[in-house]
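Encoded as structure tokens, the structure appears first; notes follow it.
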Amino acid sequence: MFPEYYQYFQYLSLLMAIIFAKELRQNKLELFVPLLVVVCITETTANYLSNILNREDNYKVYNLYLIISTPLSLCLFFKMLDMGKTLATRVFLFGAIFFEIFLIINYVLLQGLDTFNSYSLILIMSLNIFFSCMVLLNLARNEERDMALLKEPYFWINSANLLFSLSTLVILGLYQYIHKHNIELGNKSLYRYIVPASNAILYSAYTYSFYLCRTQAKTTK
């Protein structure tokens, strides 16, 4: 079984997160390690089911991924926003619990186990867009930063999250149109080109941000 090309970017990102775990902890990004473990397990399993066993129900793996990964992603946003002990923190925590309950209800009762949970994906991508914008706005307003914005790990992580989430929502919205009109590029559905490319860009940005955590640690010694 050969991984899809974008999976190598995910594996590299996980490897870099493990190597620079200490530096990630210093930047409140240590939860990327378990998050990327979940990502790599999910993609490897889905690839095996689809390409080796020729099963068409690998969406079940992604449904579970949405439920498991969301708390980790929200915790990362919480740490990056650094809200402290404020009312916003309480709102965030109650909101996070509500969103996770919705994902579980959607998985069990609404869209169910036998279809891809698109409602959950739309919610998660919308949250990613909102919180990524909030982190980027904080970076732009923070006068205490003594580094250029392009050398800030949070900038690369959240810019990539924003672009990935926006493209995912657009692709999801156009999926039925692409499928119905059989829009192809090189005998492959256009969907099959855009999604892997978006993944490659996202995890490349993560990898670079982890490297920046390391360079920051060196300059502060």
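Can you name every residue in the stretch 11-32 that is part of a loop (DSSP other than H, G, I, E, B), free of Cβ contacts under 8 Å to residues at least 40 places away in the same chain and either small (Gly, Ala, Ser) or touching a Phe, Trp or Tyr at 6+ places or on another chain (Cβ under 8 Å) (or both)?
Those that are part of a loop (DSSP other than H, G, I, E, B), free of Cβ contacts under 8 Å to residues at least 40 places away in the same chain and either small (Gly, Ala, Ser) or touching a Phe, Trp or Tyr at 6+ places or on another chain (Cβ under 8 Å) (or both): none in the stretch 11-32.
So which residues in the stretch 5-31 are farther than 21 Å from residue 195 by Cβ and either of a type in the set (Lys, Arg) or within 17 Å of the chain's Cα centre (by Cα) (or both)?
15, 16, 17, 22, 24, 25, 28, 29, 30, 31
Provide a single number: the residues in the stretch 137-158 that are part of a helix (DSSP H, G or I) and either surrounded by fewer than 20 Cβ atoms within 10 Å (Cβ to Cβ) or in contact (Cβ under 8 Å) with a residue 60 or more places away in the chain (or both).
12
Each row is one residue, and each column tells you yes or no for (1) open to solvent by less than 50 Å² (accessible area, probe 1.4 Å); (2) under 23 Å from residue 195 (Cβ atoms); (3) at pLDDT 95 or above.
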{"residue": "103", "(1), (2), (3)": "yes, yes, yes"}
{"residue": "109", "(1), (2), (3)": "no, no, no"}
{"residue": "116", "(1), (2), (3)": "no, yes, no"}
{"residue": "119", "(1), (2), (3)": "no, yes, no"}
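Please name all residue pairs, on different chains or six or more residues apart, with Cβ atoms under 7 Å, provided the first residue is in the stretch 39-54 and is farther than 20 Å from residue 17 by Cβ and the second residue is basic (Lys, Arg) and not in a helix (DSSP H, G or I).
Every condition considered, the pairs that remain are 49/55.
The values are calculated or read from the model by the stated rules, or taken from the named source; none is laboratory data. The structure displayed is predicted, hence computed values, not measured ones. Please note: Cβ atoms are built from the backbone with ideal geometry, for glycine as well, and neighbour counts cover all protein chains shown. For the accessible areas, the whole protein counts, side chains as well, though only heavy atoms, and no ligand, DNA or RNA atoms are used. Shrake-Rupley method; radii C 1.70, N 1.55, O 1.52, S 1.80 Å.
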